[in-house]
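Have a look at this one before I ask anything.
The values are calculated or read from the model by the stated rules, or taken from the named source; none is laboratory data. These figures come from a predicted structure and were not determined experimentally. As a convention, Cβ positions derive from the backbone with ideal geometry for all residues, glycine included, and neighbour counts pool all protein chains shown. What goes into the accessible areas is simple: the full protein's heavy atoms, side chains included, and nothing from ligands, DNA or RNA. Shrake-Rupley method; radii C 1.70, N 1.55, O 1.52, S 1.80 Å.
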Amino acid sequence: MALYCRHAGKKWTCGEEFTVLAEGYLNRYRRSKQKQSNRGDDIMGEFLNVFVATGVLVGESIDTYIEASKQYERAEPSDFAPDFDDFYFGYWGNEQELIEMRNGLRNSYPGRLSTDKFYPLPSATWREVLNTTAAEPNLGKSPLLPTGEVSMGGWCDYMRVLPLVAVGGSKVIAITTQREDVTPYIYGATQFMGASDTDLHELFALDEVSDLTLSLGDAGGVWCTNWVGFGNFECDALFEDGYTAPLEVHDEELASYENASPNLGIRGCTPYA
């Protein structure tokens, strides 16, 4: 179906309308003698309290990754086996807030993997962050950071609630899905980084104290979708579920949501359910 917009009395498609808009802007930008600022060049966290996470490989596992990546590029079998001791949960953000996040984790969640593996990354522009944040762990496109580490994506740091609570976030909303167990992809991505069964249990156990159950309990609210309950082509149903999913609230100010409850009793969303 084509959507049409009106422009100077002529019927244009929205694609044509956007092309004219974008080309007009770029032409004026190129002719301008005054340098135009670009948000991509802003330092992340300078104007907006925001954090971006990625898995980080350090130490000898960097060389392991580089060699495995070369094998991958040559279409050869890879023997990539990083040491989980060399894997960390990296965060970009405001430098002072990252210091506060690290100290808050040590005070509130001592001994947890989310604390021990917290890794503050140096200040960077949005452009640098977006260019070095891998979508997921892989051997083909995980970029080297300017400081030498390998960015492996954020899948293993699944909830990211504890660092936000630790830095003072009082109304953290965790968006997750009801499930009988943590999805195989998250388990697999973390195993890919060398995690043992003990590490996986400490991170993701649903029936005992883990980084996941602590996150579910300490979040101000848990948006309990069912995104694992739909097929690849059931997009409309997936979106409908996401927008109407129940919210488990642990903060009174969030209780006005019409589908809210202090205890949903849904496994994967309610701690220890």
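Is it the case that ASP211 is under 22 Å from PHE84 (Cα atoms) and either of a type in the set (Ser, Thr, Tyr) or open to solvent by 20 Å² or more (accessible area, probe 1.4 Å) (or both)? Let's see the steps before the verdict.
Details: under 22 Å from PHE84 (Cα atoms): yes; either of a type in the set (Ser, Thr, Tyr) or open to solvent by 20 Å² or more (accessible area, probe 1.4 Å) (or both): no.
No.
Can you tell me which residues in the range 100-140 are more than 18 Å from TYR88 (Cα to Cα) and of a type in the set (Phe, Trp, Tyr)?
TRP126, the sole residue that qualifies.
Just name the residue that is nearest to TYR187 (Cα to Cα) out of those in the range 108-167 that are polar (S, T, N, Q) and not in a loop (DSSP other than H, G, I, E, B).
Filtering the range 108-167 for residues that are polar (S, T, N, Q) and not in a loop (DSSP other than H, G, I, E, B), the one nearest to TYR187 (Cα to Cα) comes out as SER114.
Now, a different point. Across the range 30-71, what is the total count of residues that are part of a loop (DSSP other than H, G, I, E, B) and either at pLDDT 90 or above or of a type outside the set (Gly, Ala, Ser) (or both)?
The number of residues fulfilling the criteria is 15.
Restricting the search to the range 219-260, which residues are in contact with a Ser or Thr (Cβ under 8 Å, 6 or more places away or on another chain) and open to solvent by 60 Å² or more (accessible area, probe 1.4 Å)?
Within the range 219-260, TRP223, TRP227, VAL228, ASN259 qualify.
Would you point out the residue of the range 168-182, among those that are within 17 Å of the chain's Cα centre (by Cα) and open to solvent by 40 Å² or more (accessible area, probe 1.4 Å), that is nearest to GLY229 (Cα to Cα)?
Checking each candidate, the answer is ILE175.
Being open to solvent by 20 Å² or more (accessible area, probe 1.4 Å) and without any contact (Cβ under 8 Å) to a residue 40 or more places away in the chain is true for just one of GLY140, GLY148, GLY188. Which residue is that?
GLY188
Under 23 Å from the mean Cα position of the chain (by Cα), in a loop (DSSP other than H, G, I, E, B) and on the phi < 0 side of the Ramachandran plot, is that true of GLY217?
When the stated conditions are applied, GLY217 does not pass them.
List pairs: first residue in the range 32-59 and surrounded by 10 or more Cβ atoms within 10 Å (Cβ to Cβ), second residue charged (D, E, K, R) anywhere in the structure, Cβ distance under 6 angstrom, at least six positions apart or on different chains.
Every condition considered, the pairs that remain are GLY40/ARG127; ALA53/ASP157; ALA53/ARG160; VAL56/GLU149; LEU57/ASP86; VAL58/ASP86; VAL58/GLU149; GLY59/ASP86.
Only one of ASN232, ASN263 is in a loop (DSSP other than H, G, I, E, B), out of contact with any Leu (no Cβ under 9 Å at 6 or more places or on another chain), at pLDDT 90 or above and farther than 19 Å from GLY154 by Cα. Can you tell me which?
ASN263
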